[in-house]
1. Against the conditions (1) in contact with a Lys or Arg (Cβ under 9 Å, 6 or more places away or on another chain); (2) open to solvent by 50 Å² or more (accessible area, probe 1.4 Å), where does Val109 fall short? Just the number, please.
2. Scan region 181-197 residue by residue and report those that are assigned to a strand (DSSP E or B) and open to solvent by 30 Å² or more (accessible area, probe 1.4 Å).
3. Any chance you could count how many residues in region 14-38 are at pLDDT 85 or above, open to solvent by 20 Å² or more (accessible area, probe 1.4 Å) and β-branched (Val, Ile, Thr)?
4. Which residue, of Ala65, Ala80, Ala56, Ala71, is surrounded by fewer than 22 Cβ atoms within 10 Å (Cβ to Cβ) and touching a strand residue (DSSP E or B) at 6+ places or on another chain (Cβ under 8 Å)?
5. Output the residue which, of all residues in region 179-197 that are among the charged types (D, E, K, R) and over 17 Å from the mean Cα position of the chain (by Cα), is modelled with the highest pLDDT.
6. Please identify the pairs in which a residue from region 141-161 that is assigned to a helix (DSSP H, G or I) has its Cβ atom under 8 Å from the Cβ atom of a residue that is among the polar types (S, T, N, Q), counting only partners at least 6 apart or on another chain.
7. Can you tell me which residues in region 88-97 are buried (at least 17 other Cβ atoms within 10 Å of the Cβ) and of a type in the set (Lys, Arg)?
Amino acid sequence: MTAATASSAAAGTRLHTEAAPGVWVAVEPVGTPADDPAGLTPHDLADAEHLPEWRARELLAARRALRSLLAAHFPEARHAPVAYTDRGAPRLVDQPRIGISVSHDGGAVAACAALDHAVGVDLQHPPDTVSDGMLRRCAKTHTERLARLPMAARTREFAWLWTVREAIVKADGTGVAGGLWTADITPYSRHGASGRHRWVSLREQSPIPLSCAYTPLSAPTPPIERPLENDSE
């Protein structure tokens, strides 16, 4: 997919769905000016205040998607500030039972929220190409199957597999520093499990590769405030 095509797809993508029982996902385009307060809290606006304009637009678009999920399904948490663990995972202050995650790529943002579950969400436009080495790392035992595909089909399936991996490590709270390459994900699958995590790829609902992962919460992790310039969302 070219950058222009990806931008066009992102511009029209909106989604609000229950990906799994009690696991809610929303996707929105990045289109609202960064200084528009609609759907945001004062804390959200303060978080974006000193960011570059493009980064502020992404962050606030992700927060709008998150706030829409919270208002619809967890109204008690709709105004809760967002803080971060020492590994960059977002958390809702004083709402330890509600797991959240956000993602952004190519003019679109996604948010995920669930009660009593840690969650991870990732969306990713397919790259123009994918190297043989990266394909092997992502597809693992299924590399030969994908390597026979035309490049456009190969990169699209690579993006779907990548979103599953990212969603799992986000739900685990470790991010890309965690076991990004450990799961063996079968191409074209819509759902599965890896260790204690379950995952869903929203292949029928989203034109952009989009997956979420979830697992029951153990002891709540206290949030730790950290600078947003580290691009933790």
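1. Among (1) in contact with a Lys or Arg (Cβ under 9 Å, 6 or more places away or on another chain); (2) open to solvent by 50 Å² or more (accessible area, probe 1.4 Å), Val109 violates only (2).
2. His191, Ala193
3. Number of matching residues: 2.
4. The conditions single out Ala80.
5. Once the filter is applied, the top-ranked residue is Arg196.
6. His142/Thr186; Met151/Thr129; Thr155/Thr129; Ala159/Gln124; Trp160/Ser201; Trp160/Ser211
7. Of everything in region 88-97, just one residue is buried (at least 17 other Cβ atoms within 10 Å of the Cβ) and of a type in the set (Lys, Arg), namely Arg91.
For every residue, the table says whether it meets (1) part of a loop (DSSP other than H, G, I, E, B); (2) more than 16 Å from Asp86 (Cβ to Cβ); (3) at pLDDT 95 or above.
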{"position": "Trp199", "(1), (2), (3)": "no, yes, yes"}
{"position": "Ser211", "(1), (2), (3)": "no, yes, yes"}
{"position": "Thr215", "(1), (2), (3)": "no, yes, yes"}
{"position": "Ser218", "(1), (2), (3)": "yes, yes, no"}
{"position": "Thr221", "(1), (2), (3)": "yes, no, no"}
{"position": "Arg226", "(1), (2), (3)": "yes, no, no"}
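The values are calculated or read from the model by the stated rules, or taken from the named source; none is laboratory data. All values reported here derive from a predicted model rather than from experimental measurement. Cβ atoms come from the backbone with ideal geometry, glycine included; neighbour counts cover every protein chain shown. With ligands, DNA and RNA removed, areas are computed over all heavy atoms of the protein, side chains included. Shrake-Rupley method; radii C 1.70, N 1.55, O 1.52, S 1.80 Å.
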